[in-house]
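Comments concern the structure below.
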Amino acid sequence: MDITARSAAELHTMLESKAISATELVREFIDRINKVEGNVKAFVTLTEESALEQAAKQDEKIARGEKIGPLAGIPMAFKDNMCLTGIRTTCSSKMLENFIPPYDATVVERLLDAGAISLGKLNMDEFAMGSSTENSAFFPTHNPWDLSCVTGGSSGGSVASVAADEVAYSLGSDTGGSIRQPAAFCGVVGMKPTYGAVSRYGLIAFASSLDQIGPVTKTVRDNALVLNAIAGHDTKDSTSVPFEKPDYTEFLVNDIKGLKIGIPWEYFGEGIDQGVARVIQEAIETLKGLGAEVTECSMPHTEYAMPTYYLIAPAECSSNLARFDGVRYGHRSQNNEDIISMFRKTRAEGFGSEVKRRIMLGTYALSSGYYDAYYLKAQKVRTLIKQDFDNALEKFDVLLSPTAPTPAFKLGEKLTDPLSMYMSDICTSPLNLAGLPGISVPAGFVNGLPVGLQLMGKAFSEGMLYRVAYTFEQNTDFHKVKPELTAEVVL
Amino acid sequence: MKISREEVEYVAMLARLELTAQETEDYTGNLNSILEYAGILEKLDTSEVLPTAHAVPLHNVMREDVVKSSMDAAKVLANAPDVENGFFKVPKIV
Amino acid sequence: MSVNDYEMVCGVEVHAELATKTKIFCSCTTEFGGEQNTHVCPVCSGLPGVLPVLNREVVNLAIKAGLALNCEIADYSKFDRKNYYYPDLPKNYQTSQFDLPICKAGWLEIMVDEEKKRIGITRAHMEEDAGKLVHSGETITSSMESFVDYNRTGVPLLEIVSEPDMRSIPEVIAYLEQLVEILEYTEVSDCKLEQGSVRFDVNVSIRPKGSSEFGIRSEIKNLNSYSSVRRCLEYEIERQAKILDEGERVIQETRTWDEGKGITLSLRSKEEAHDYRYFPEPDLVPLVIDREWVERISQTLPELPVARRARFQSLGLSEYDAKVLTDSKDLADFFDQALIEYKDAKVLANWVMGDFSRILNAQQCAVGDSPITPLQLAELLKLIEKGTISGKIAKSVIEDMYTTGKDAGTIIKEKGLAQISDEGALSGIIDGVLAANPQSVEDYRAGKERALGFLVGQIMKATKGQANPGKVNQLLKGKLS
């Protein structure tokens, strides 16, 4: 197996035993990027030089005989909505094409402190709005399993870079499924932690009450290792929860005997691809075979989650993105008559059509005369959706569903129909509304494209999700299958 | 149609977006279909339901009133499109 | 109809800067001044990705103000975003409070023309200040470009909204003065009007006298002195009266006060509708304020000016003296501290308001910076009482106390200023003066009372004013009889 295909845990063992140096490891990954990036297009910004400098520092540590942490010296990358001092952070938007943050996001700070080597910034749907990474102002990212297909989104660069072995792991952000849905499309492990488990400080906000940062990895173990490094209370984020952070790797036991798994039938309604349904059914059989008690259940407000999500998220985004006005940073239009025309032209030029669509929708939902009918109504339905989860999770340890209703679709296929694109989040967005954790793990294939299994749990039950996901992974081989990326593909 | 072209223009003004005629038309259509879809929420009786603004119930998160050093002025202005004499420069206000 | 046929109806919104060390949502200093854009960090300059964290002291001061203004303190309060675009607002929304303000339903009492009146306070809420715009031209309308300084951005404000209870300009001014006094007294705000740390927005309408309906109001924003408020209201009442007299309708709008021209001007263009799209601030969590917290704050509340004035009057001071002393909290505190050591309130008040204040004013020294402590003043007054020095000598001693910072006792000793009360010593001096002025002695004995005054003067001159005047009188009369 190529070194770049190995898990972070394996790479750590190699570094510790001095089988390879951090610098050599970085060079391996740079070689890999040079080989496949032309086709995958996962990166907005590559920072090979600073990666090599960081690697040299880790090597010095190793040479001095210092003990290194589990993520030290291992190459990774950040979704391009996380601020990193001195490194361009674009949100894949023309608006921030040249924005260089003067500060580090908390997750960046924590990973760099842990010795992580950042190879750069990863492509995404502009300001994390989208489900295919086609809304990047720069270029779409391609699915390593089929380059004519989308990666899913909005964390398309995060999942494609991991699936294509350009990095050992990455961070993504998830507002309505933006880690889990693309993780499913690209056959990797993606976790959206409980709201408040990981600091949002330095994450350029899309919808503040829904956004969470989470790890994208090749294995469940790696996922737990990365969450260990990034989770935990942060005084810079008022919505960060002061909880007692466990060592997530302690939950990685190959045993789910007697665990209760609920299958909400509403997640298997119309719109679910038959192939996907079949894969999930097989996964359920696997889990049953491993001793889990699997029962069907009902979450009656599921059908209301999508419209609720598409009122709340745009409303918050319309306010969060107001700051992009051409005064302090970012794009500014030329030849401005006055401030209002500067604001309007700057924003018209700087934002892409999906971002504008959501700003329009959110502004409307909050505007005078419509607030009660749309925004307030959506917040009330949000309460009902949350109660559905609370009720179901009283009876079950975890809930199980497909991560996405279909496998990856073709590039361009849904671009002209916003609503059908939005439906791609139908299985993932309810969890963001409830603020609960969810993980997507590879569960099989339909026509050569990966399918993801979603596990959902109680607040701060990431450990339980890891246990079920790990047991499933250890008893299946889907995560071992790699996309056949060849350099010759011409697009 | 729940939302008219004029309303779309008004919302675009509120949101400080300059839209082309084509965009105005497109967004009028998009917003109408999305809002029509959102109309299913009307089926639910929520008169007795409290709204959820935060997914995780926290309260009283505060810090102490202790001064920390501010950012270097050069850094404050580093990303600005137009700067003069330590100020951010903008076109006339009215 | 003339202006006098109308009655004004006025409510006021006061924005007071809270006296914290740091901004409301970040740890930048709130210090006034500073080079442009130097009291700024990623949070208050609204960089992408930053998050606010609430300053506890802001909440404490808001509760304190609420208690001083007889408000109900909310059990549950939250922040909301008020969305509007303006270049002095880095996020293009202001984090404020909308439907659940921290304080509501209060009042304060004003006194106009000997009559007490209670003015209702609708609410008081916490919010962040915006930055400062500097215009290249003379006014905002004639400028081709503007410059933005974000030093002020995020400075904590308390917005205090009154009921439309005021019916005359003197009532408005009395309300504002009373409110500012309370905020200063409670140390909620330092109320430096000249630095813009308190700003007033007035909502004013007029109606024919005797009518009980409200007229259509205009809102005049950002007044920063009592005289501006007075002149602006005078102008605005006249403007509205003229409109009504012509049979037209007043337009409900926001106007700005042009200090130079003495007129109000319409501010907003038509496309600027008031549509702030308030919604709960998702980046901040709610406040749950229990009774213990409120109780803790209430224990830090000082005696308020109205109560203090009443107490001073009960000590025998005139209403006027009580008012002068309490107009400045520092002066009243000084008085109270001296009063612990020196019990004659009237004498003390005369000295505090008289020589003490005169010296400070002449030296442009604030009460808080005075080198004379309350204890030192009390000691001086005790020395007069004991007869160690005369009141006249004391006037020069207090000057020395200011310049040297020394105690009265030390100065008296160093300069030998103690009164001569010793009968033996005085007797000799008196004999000498009598011998040198036989004509006066004769005049006195012939019944000319005035001659006594001349002789006393001569004795005081001979003792450089240090002779105890009572003793001199007594001895002199004895010798002359």
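Where does the longest stretch of chain B lie that holds no GluC sites (Glu not before Pro) found in a DSSP loop with 16 or fewer other Cβ atoms within 10 Å?
By the stated rule (loop sites, at most 16 other Cβ atoms within 10 Å), B:1-47.
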Inset, instruction - Please figure out what share of the DSSP beta bridges in the protein assembly as shown is antiparallel and state it in percent, rounded to the nearest 5. - result: 80 percent
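Give, as a single signed number, the net charge of other residues whose beta carbon lies under 12 Å from the beta carbon of C:Ile182, with Lys and Arg counted +1 and Asp and Glu -1. Each step should come with its number before you reach the end.
Values: positive: C:Lys64, C:Arg308, C:Lys329; negative: C:Glu109, C:Glu177, C:Glu181, C:Glu184, C:Glu187, C:Glu303.
Residues near C:Ile182 contribute -3 overall.
If you take every residue apart from A:Asp372 with its C-beta less than 14 Å away from the C-beta of A:Asp372, what net charge results, scoring Lys and Arg +1 and Asp and Glu -1? Don't skip to the end; give the middle numbers.
Values: positive: A:Lys377, A:Lys380, C:Arg277; negative: B:Glu42, C:Asp99.
Net charge around A:Asp372: +1.
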Inset, instruction - Counting other Cβ atoms within 10 Å, keep those with at most 16, restrict to DSSP loop, and tell me which GluC sites (Glu not before Pro) in region A:180-272 are left. - result: A:Glu244, A:Glu270
Legend entry - GluC sites (Glu not before Pro) within region C:73-122, DSSP loop, no more than 11 other Cβ atoms inside 10 Å: C:Glu114
Legend entry - For region A:238-253, 3J(HN,Hα) per residue [Karplus equation, 6.51 cos²θ - 1.76 cosθ + 1.60, θ = phi - 60°, Hz, x = Gly/Pro]: 5, 9, 6, 8, x, 10, 7, 7, x, 7, 5, 5, 5, 8, 7, 10
Inset, instruction - Calculate how steeply helix C:169-185 sits against the longest principal axis of the alpha-carbon atoms of chain C, using the helix alpha-carbon long axis, and give the answer as 0 to 90 degrees to the nearest 10. - result: 70 degrees
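Ranked by Cβ crowding within 10 angstrom, fewest neighbours first, how are C:Val441, A:Val159 ordered?
C:Val441, A:Val159
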Legend entry - Average beta-carbon neighbours from other chains, 10 Å sphere, peptide A:95-107: 3
Inset, instruction - Count charges around A:Gly176 for me, please; just the other residues with Cβ under 14 Å from its Cβ, Lys/Arg as +1, Asp/Glu as -1. - result: -2
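Between C:Ser481 and C:Asp369, how high is the FRET efficiency from 1/(1 + (r/R0)^6) when r is the Cβ-Cβ distance and R₀ = 56 Å? Nearest 0.05.
0.55
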Inset, instruction - Pairs of Cα atoms under 8 Å, at least six residues apart: use those to get the relative contact order of chain A, whole percent. - result: 18 percent
Inset, instruction - Please list, in chain and number order, the residues 5+ apart from B:Arg63 or on another chain whose amide H is under 5 Å from its amide H, with Hs placed from the backbone. - result: C:Leu54, C:Asn55, C:Arg56
Inset, instruction - Can you pull the one-decimal nm distance between simple spin-label points at A:Lys288 and A:Glu60, each 7 Å off the Cα toward Cβ? - result: 5.9 nm
Legend entry - Dipole magnitude (debye, nearest 20) for the protein assembly as shown, charges at Cβ of Lys, Arg, Asp, Glu: 2180 debye
Inset, instruction - Using only the Cα atoms of region C:3-295, build the gyration tensor, take square roots of its eigenvalues as a ≥ b ≥ c, and label the shape rounded, prolate or oblate: rounded if a/c is under 1.5, else prolate if a/b is larger than b/c, else oblate. - result: oblate
Inset, instruction - Could you please rank A:Met299, A:Met1, C:Met126, placing first whichever residue has the fewest other Cβ atoms within 10 Å of its Cβ? - result: A:Met1, A:Met299, C:Met126
Inset, instruction - Specify the inter-centroid distance of region A:39-77 and region A:434-452, based on alpha-carbon positions, in whole Å. - result: 29 Å
Legend entry - Residues A:Lys414, A:Lys395 arranged by fewest to most Cβ contacts within 10 Å: A:Lys395, A:Lys414
Inset, instruction - For the pairs A:Lys345/C:Lys23; C:Lys382/C:Lys471; A:Lys121/A:Lys480; C:Lys386/C:Lys477; A:Lys245/A:Lys482; A:Lys94/B:Lys2, note any where the Cα-Cα span goes beyond 21 Å. - result: A:Lys345/C:Lys23; A:Lys121/A:Lys480; C:Lys386/C:Lys477; A:Lys245/A:Lys482; A:Lys94/B:Lys2
Inset, instruction - Provide the FRET efficiency to the nearest 0.05 for the C:Lys209-C:Trp107 pair, computing r from the beta carbons and using R0 = 25 Å. - result: 0.50
Inset, instruction - Mind checking C:57-65 for the average number of partner chain beta-carbons within 10 Å of each residue's beta-carbon? - result: 1
Inset, instruction - Give a quick list of GluC sites (Glu not before Pro) in region C:236-270 that DSSP marks as loop, anything other than H, G, I, E or B, with at most 12 other Cβ atoms within 10 Å. - result: C:Glu246, C:Glu248
Inset, instruction - State to the nearest 20 debye the size of the charge dipole of region B:1-45 about its Cα centre, where the only charges are +1 on K and R beta carbons and -1 on D and E beta carbons. - result: 100 debye
Legend entry - Average other protein chain Cβ within 10 Å of Cβ, residues A:230-242: 4
Inset, instruction - Assuming R0 = 45 Å, can you tell me the calculated FRET efficiency for the pair A:Ser353 and C:Ala310, based on Cβ-Cβ distance, to the nearest 0.05? - result: 0.05
Inset, instruction - Output the pairs from C:Lys64/C:Lys117; A:Lys67/A:Lys236; B:Lys92/C:Lys132; C:Lys192/C:Lys221 with a Cα-Cα distance over 21 Å in this structure; if there are none, say none. - result: C:Lys64/C:Lys117; A:Lys67/A:Lys236
Inset, instruction - Give the long-range amide H neighbours of C:Thr264: residues separated by 5 or more places, or on another chain, with amide H under 5 Å away, using H modelled in the peptide plane at 1.01 Å from N. - result: C:Asp258
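Restricting to chain A, compute how many DSSP beta bridges are antiparallel as a %, nearest 5.
Values: 31 of 45 bridges.
Antiparallel bridges make up about 70 percent of those DSSP assigns within chain A.
A short reminder: the numbers here are calculations on the coordinates, not readings from a lab. Note that this is a predicted model, so its numbers are computed, not measured. We place every Cβ from the backbone using ideal geometry, glycine too, and count neighbours over all the protein chains shown.
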